[in-house]
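The block underneath contains the structure these notes are about, expressed in structure tokens.
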Amino acid sequence: MIKKQEIKFLLIISLSLTLFFTLSFISKTIITYFRTRIPQSWQVTKGKIEYVKLKLPWTFYLAEDNYYYDRDYYALIKFLYIVNNIKFNNSDKIEGPYISRFEHKTNEKLGAFYKKYPVGKEIDVYYNPNNPKKSKLLENFNFMSEIKTSLIGSLLMSGFLNLIILLSVLFSKSDKCDELLQT
């Protein structure tokens, strides 16, 4: 039988794990948000895309002439813009939609995303008026979506670890476990 002190200890560990994972996932989301957002003091100008390259984190396998990926991908876009009659070049990442390795028509999705950013296309460029070399294309971070993902991830991770702890305690207190160990 499990004692009250053991239950209290397990509850403290369970709550600590849940709190730790929740805070770590959410803090990562908040740090990413502030790293990717465009400050309000920045101004906008028109620019042109000079170069586009899709960056794919990794490929899992090839089947039926489709590459399958299981991570987000992004386009690295190099662009040209003019501020006060001075030309500037920069590059920025634009996040693409998530593609599961089990999803069909992967190449079509990649192609559609790639076609959104053709070389020569006129785009809005946000730049720092105090230092026009610093620029971004757009704010490509969905804060609420990332917070939801962080919460779900932290709850799943802490739930899994809590289940392991609970099962290990229950099996360690079980008479059947003792019998199995003695044989």
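Things to note:
- If the chain linking ILE31 and ILE165 were pulled fully straight, counting 0.36 nm for each residue of separation and taking away their Cα-Cα distance, it would gain 45.2 nm.
- Charge sum, other residues only, whose C-beta stays under 14 Å from LEU11's C-beta, Lys/Arg counted +1 and Asp/Glu -1: +2
- Cβ crowding within 10 Å, taken as a proxy for footprinting-reagent exposure, orders SER154, SER14 from fewest neighbours to most as SER14, SER154.
- Extension gain, LYS121 back to GLN43 (0.36 nm per residue minus Cα-Cα distance, nm): 26.1 nm
- Local electrostatic count, ASN128, Cβ distance below 12 Å [Lys/Arg +1, Asp/Glu -1]: +3
- Residue pairs, from the table LYS8/LYS28; LYS28/LYS116; LYS48/LYS133; LYS109/LYS134, whose Cα atoms sit over 27 Å apart: LYS8/LYS28; LYS28/LYS116; LYS109/LYS134
- Per-residue extension of 0.36 nm, minus the Cα-Cα distance of LYS8 and PHE20, leaves a gain of 2.5 nm for this segment.
Computed from the coordinates by the stated procedures, all read-outs in this text should not be read as laboratory data. Note that this is a predicted model, so its numbers are computed, not measured. Backbone-built Cβ (ideal geometry, glycine too); neighbour counts: all protein chains shown.
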